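Asks: Next up is a structure, given as structure tokens.
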Amino acid sequence: MSLGFSSKVAKNVLGLAPKVATQSLSVVPEKMKLDLLAKLLTLTLSEQIKFGELDFLQAKWVAISVQDIGLHFEISFDGKLLLRPLTKADVTFTANVPELLLVAAAKEDPDTLFFQRKLRIEGDTELGLEVKNLLLGIELESLPQPVRLSIEKLAITLQTLQSYSNDTAMA
């Protein structure tokens, strides 16, 4: 496969994937999305929940806005994770899937993304720093194996597609 063809395929996949995800998510009822997200996040953050590391979120709401797929919600903690549609959060994190995936896979630093304006944090900056530090403290190896493997494989695929896509820009 030629580099030109590979880079075109990579660009198409990178451009098409968010559109497909957005359309797919748009047909899922909001309550179902929030319930599924709550289950996934509870599984992913089970160690942090067990050791009380999310207690600082009591009576605080953190909005997550994944722009490229149109996924927006707020999260809090009161003995268990609470999720709701966007209303009035104390702090808002805004990014696209690729950046969030690379941060989750420890392949990108959130501070770098922040200064590149690929990650925005608005609102209560102290709370935002606490959330960021909590997320940075999560060891990929400590996540449940299906979650860890999914994150790792998606991050590798994303990096491969991005490198093919960038090869055309440099040529």
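The values are calculated or read from the model by the stated rules, or taken from the named source; none is laboratory data. Model, not experiment: these values are computed from the prediction. Counting neighbours? That spans all protein chains shown, and the Cβs are built from the backbone with ideal geometry, glycine included. Remember, those area values only see protein heavy atoms, side chains included, never the ligands or the DNA or RNA. Shrake-Rupley method; radii C 1.70, N 1.55, O 1.52, S 1.80 Å.
Asks: Is it the case, given these coordinates, that Ser65 is without any contact (Cβ under 8 Å) to a residue 60 or more places away in the chain and among the small types (Gly, Ala, Ser)?
Replies: Working: without any contact (Cβ under 8 Å) to a residue 60 or more places away in the chain: yes; among the small types (Gly, Ala, Ser): yes.
When the stated conditions are applied, Ser65 passes them.
Asks: Can I ask one more? Restricting to helices (runs of 4 or more DSSP H) lying wholly in segment 1-75: which have 1 or more residues that are open to solvent by 30 Å² or more (accessible area, probe 1.4 Å) and at pLDDT 90 or above?
Replies: On the way: elements: 3-26, 30-44, 46-50.
Result: 30-44, 46-50.
Asks: Those residues that are buried (at least 20 other Cβ atoms within 10 Å of the Cβ) and touching a residue at least 40 places away in the same chain (Cβ under 8 Å), I need them from segment 84-100; list them, please.
Replies: Matches in segment 84-100: Val91, Pro98.
Asks: Taking Leu113 as the residue in question, decide whether it is at pLDDT below 90, open to solvent by less than 30 Å² (accessible area, probe 1.4 Å) and under 26 Å from Ile156 (Cα atoms).
Replies: On the way: at pLDDT below 90: yes; open to solvent by less than 30 Å² (accessible area, probe 1.4 Å): yes; under 26 Å from Ile156 (Cα atoms): yes.
Answer is yes for this residue.
Asks: Can you find, within segment 151-171, the residue that is farthest from Lys88 (Cα to Cα) among those that are open to solvent by less than 60 Å² (accessible area, probe 1.4 Å) and either at pLDDT 80 or above or within 19 Å of the chain's Cα centre (by Cα) (or both)?
Replies: Ser163
Asks: Now for a separate question. Please determine, by comparing only the residues of segment 116-137 that are open to solvent by less than 30 Å² (accessible area, probe 1.4 Å) and of a type in the set (A, V, I, L, M), which one is farthest from the chain's Cα centre (by Cα).
Replies: The qualifying residue farthest from the chain's Cα centre (by Cα) is Leu127.
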